[in-house]
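The values are calculated or read from the model by the stated rules, or taken from the named source; none is laboratory data. Model, not experiment: these values are computed from the prediction. Positions of Cβ are backbone-derived with ideal geometry, glycine not excepted, and every protein chain shown enters the neighbour counts. Please note that ligands, DNA and RNA were not included when accessible areas were found on the heavy atoms of the full protein model with its side chains. Shrake-Rupley method; radii C 1.70, N 1.55, O 1.52, S 1.80 Å.
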Amino acid sequence: MIFRPEAALLPLIARTSNAIHLHLAGLLEEAGADMTPEEAMTMRMVSAFRVNSVSKLAEAMLKDRTTVTRFVNQLEARGLLSRTKDPEDRRATVLTITEKGHEAIQHFDTNIIAAVQSMFAGLPIEDIIATNRVLYTILHRCGANSAPLAPGLGDNFPFSPSSELRNSRAF
């Protein structure tokens with residue numbers, strides 16, 4: 001049998017995702033953040049990435065609306081998020097971070113960001129960029145929205161999924 005490196009890649013990506021999830025859960029617990037990694041991701045997306053509706057969150061997080069609604073309900077019940085009617089579309093709601101939510105994010109950033117950054121410490125920027133490109137390509141080929149989440153990450157980042165991915169035949 002011929003060894004195919006890509007055959008080992010999917011289990012490795014799944015294991016890495018699980019390891020990161022467990023690591024973040026431990027960091028959140030150590031920091032006394034009282035939230036799950038999914039709730040922290042929800043807060044981060046609403047705060048930093050301006051994802052302000054349940055449907056947009058579900059798309060960005062690659063989760064179903066019911067699951068994301070549960071995260072939002074839990075965060076709202078703890079006073080970290082609020083929902084208001086969208087003034088432009090009364091059927092829609094807009095998610096915003098409350099003052100208590102901003103304090104939780106500040107606490108999260110202060111206590112966890114350095115630990116998260118340590119996972120990438122010492123990795124050459126070229127490897128990070130290549131990994132970014134590969135993961136965006138996989139997302140795109142799986143039919144997921146592969147647009148960058150961070151504001152300005154598209155055209156200003158060394159790899160722009162919006163331009164290179166559509167034109168690349170390298171993968």
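A few notes on this one:
- Residues (part of a helix (DSSP H, G or I) and open to solvent by 50 Å² or more (accessible area, probe 1.4 Å)) located in the range 38-62: M41, R44, S55, K56, E59
- Members of the range 64-77 found to be touching a helix residue (DSSP H, G or I) at 6+ places or on another chain (Cβ under 8 Å) and either farther than 19 Å from M35 by Cα or not β-branched (V, I, T) (or both), listed by number: D64, R65, F71, Q74, L75
- For R70, the requirement of being modelled with pLDDT of 90 or more and open to solvent by 90 Å² or more (accessible area, probe 1.4 Å) is met.
- Residue in the range 133-149 that is touching a strand residue (DSSP E or B) at 6+ places or on another chain (Cβ under 8 Å) and of a type outside the set (K, R) present: no
- Looking at P87, P5, just one residue is more than 29 Å from Y136 (Cα to Cα), surrounded by fewer than 10 Cβ atoms within 10 Å (Cβ to Cβ) and out of contact with any Lys or Arg (no Cβ under 8 Å at 6 or more places or on another chain), and that residue is P87.
- Looking across L123, L135, one residue alone is modelled with pLDDT of 85 or more and either under 20 Å from L57 (Cα atoms) or open to solvent by less than 80 Å² (accessible area, probe 1.4 Å) (or both). It is L135.
- Single match in A144, A121, A130 (criterion: free of Cβ contacts under 8 Å to residues at least 40 places away in the same chain, in a loop (DSSP other than H, G, I, E, B) and either of a type in the set (K, R) or within 26 Å of T16 (Cα to Cα) (or both)): A121
- Residue selection: A33 satisfies the criterion of being within 19 Å of E103 (Cβ to Cβ) and outside any helix (DSSP H, G or I).
- Long-range neighbours under 9 Å by Cβ, at least six apart or interchain, first residue under 17 Å from M45 (Cβ atoms) and outside any strand (DSSP E or B) within the range 63-92, second open to solvent by 40 Å² or more (accessible area, probe 1.4 Å) and hydroxyl-bearing (S, T, Y): R65/S55; V68/S55; F71/T36; Q74/T36
- Of the numbered criteria (1) in contact (Cβ under 8 Å) with a residue 60 or more places away in the chain; (2) open to solvent by less than 40 Å² (accessible area, probe 1.4 Å), the one N111 fails is (2).
- Which numbered condition D34 fails, given (1) crowded, with 17+ Cβ neighbours inside 10 Å; (2) over 30 Å from G143 (Cα atoms): (1)
- Hits in the range 93-108 - residues which are loosely packed, with under 12 Cβ neighbours inside 10 Å and under 12 Å from A40 (Cα atoms): Q106
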